[in-house]
Amino acid sequence: MEQAQADADLAHASGDTDGYQAAVARLRAASQVAFTEMARVRHATALAKVPQVVEHVRAALDEDADAKLVVFAHHLDAIEGIRAGLADHGVAVLTGETPMDSRQALVDRFQTDPSIRVFLGGITAAGVGITLTAAAHVVFAELDWVPANVTQAEDRTHRIGQVESVLVQHLVLDGSLDARMAKTIVAKQAI
């Protein structure tokens, strides 16, 4: 990508229209490859983290026998792995595949049923328009490139009716794409 960008800059500066168009095409192709590879790595990282996420959430639930917890993720197979690992704690799952007419019932069950201790949701599907004040602990198993999506998901527990301080944790692997995403989100939020 750096070479393609340099070629485009050089062609533009020299006034070489054909060379510039060719360099821009190479830059677009390189960007698409980078995006595809980044998506693959992000997915692989999410799946690799599932056992640690399950362990972390189990430890948090074991600390307080009455506690409820909200977990957000992005990839459906990562969500399914987390659900399977926490099934014995009672899990309500809301993703983009959840029928619209079932969503509020899942939220209500999490809010009122003591046997449902974990709400597991997709960041975008469960990140807006619902209230999850039965929990005061949020864990992000994955992040989103858009800071507003992360903030909106966090705010599901920061709603009218919340009487506790809310703990929000972002689980990232040091040196991974996750860590880069976290830094990017923090930088974007500062802007």
(message) For region 80-104: of the residues being without any contact (Cβ under 8 Å) to a residue 24 or more places away in the chain, under 24 Å from Ala65 (Cα atoms) and open to solvent by less than 70 Å² (accessible area, probe 1.4 Å), which is farthest from the chain's Cα centre (by Cα)?
(response) Ala87
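Yes/no matrix, rows are residues, columns are (1) within 21 Å of Thr124 (Cα to Cα); (2) at pLDDT below 95:
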| residue | (1), (2) |
| --- | --- |
| Met1 | no, yes |
| Asp16 | no, yes |
| Ala25 | no, yes |
| Ala29 | no, yes |
| Ala46 | yes, yes |
| Ala65 | no, yes |
| Val71 | yes, no |
| Leu86 | no, no |
| Ala92 | yes, no |
(message) Based on this model, can you work out whether Val71 counts as touching a residue at least 60 places away in the same chain (Cβ under 8 Å) and at negative phi?
(response) yes
(request) Find the residue count for region 131-156, including only residues that are crowded, with 21+ Cβ neighbours inside 10 Å, of a type in the set (A, V, I, L, M) and in a loop (DSSP other than H, G, I, E, B). (result) 5
(message) Just to verify a result, which residue in region 116-130, among those that are more than 13 Å from the chain's Cα centre (by Cα) and at pLDDT below 95, is least open to solvent (accessible area, probe 1.4 Å)?
(response) Ile130
(request) Kindly check whether there is at least one residue in region 14-24 that is touching a residue at least 24 places away in the same chain (Cβ under 8 Å) and out of contact with any His (no Cβ under 7 Å at 6 or more places or on another chain). (result) no
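The values are calculated or read from the model by the stated rules, or taken from the named source; none is laboratory data. Fair warning: this is a prediction, and the values are worked out from it, not measured in the lab. Note that each Cβ is placed from the backbone with ideal geometry, even for glycine, and that neighbours are counted across all protein chains shown. The accessibility values were calculated without ligands, DNA or RNA, using every heavy atom of the protein model including side chains. Shrake-Rupley method; radii C 1.70, N 1.55, O 1.52, S 1.80 Å.
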